[in-house]
Amino acid sequence: AFSANAEVAKQLKIPTGEKSIEIIRLRLADEKPIAYETRYLSYKTCPQLLEEDLENQSIHSLLIDKYNIPLVRACYTVEARVLSQNEAAHLQAEPGSAGFAIERVTYTLNDKPVTWYRTVYRGDVYRFSAEF
């Protein structure tokens, strides 16, 4: 757990400095890194989450099915951009190579943010498509 900085506090609509959870995961495909993701939650939302095996379980499913937190809508932002040196190091890619950055805020009832999710994908192995 950590104290929410201004950006995390703004996205989760909590006070700056409030106890929060930060979960960082590296996603693999064929044992190669394709995505580096960071997810933030207010600690008050689900402190038990820190006791879960987050490497092998879906955080989304845990929140809905185990902790009965309805997730009713999500707002996404997707942008193509170059990978930073840090992102490229995690993804075993060249700094400055193409990537996709995705941000998502997921809400529960009463328009309350539950999670703020940020991930970056290698541009050479990821394709984004959407249907509405």
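The values are calculated or read from the model by the stated rules, or taken from the named source; none is laboratory data. From a predicted model like this one, the values you see are computed outputs, not experimental measurements. Positions of Cβ are generated from backbone atoms using ideal geometry, with glycine treated the same way; all protein chains shown enter the neighbour counts. Just so you know, the surface numbers come from the protein's heavy atoms only, side chains and all, with ligands and any DNA or RNA stripped out. Shrake-Rupley method; radii C 1.70, N 1.55, O 1.52, S 1.80 Å.
Computed quantities for the displayed model
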quantity	calculated
Any pair with Cβ under 6 angstrom, 6 or more apart, that starts in the range 55-80 at a residue that is assigned to a strand (DSSP E or B) and ends at one that is polar (S, T, N, Q)	74/106
Selection within the range 1-26 - in a strand (DSSP E or B) and touching a residue at least 24 places away in the same chain (Cβ under 8 Å)	19, 21, 23, 25, 26
Filter result for the condition that a residue is in contact with a Leu (Cβ under 7 Å, 6 or more places away or on another chain) and not β-branched (Val, Ile, Thr), over 73, 122	122
Number of the condition not met by residue 103 [criteria: (1) surrounded by fewer than 17 Cβ atoms within 10 Å (Cβ to Cβ); (2) modelled with pLDDT under 95]	(2)
Pairs, first open to solvent by less than 20 Å² (accessible area, probe 1.4 Å) in the range 106-132, second part of a loop (DSSP other than H, G, I, E, B) and among the charged types (D, E, K, R), C-beta under 8 Å, six or more apart	113/13
Breaking point among (1) open to solvent by 60 Å² or more (accessible area, probe 1.4 Å); (2) part of a helix (DSSP H, G or I); (3) closer than 30 Å to residue 122 by Cα; (4) not charged (D, E, K, R), for residue 48	(3)
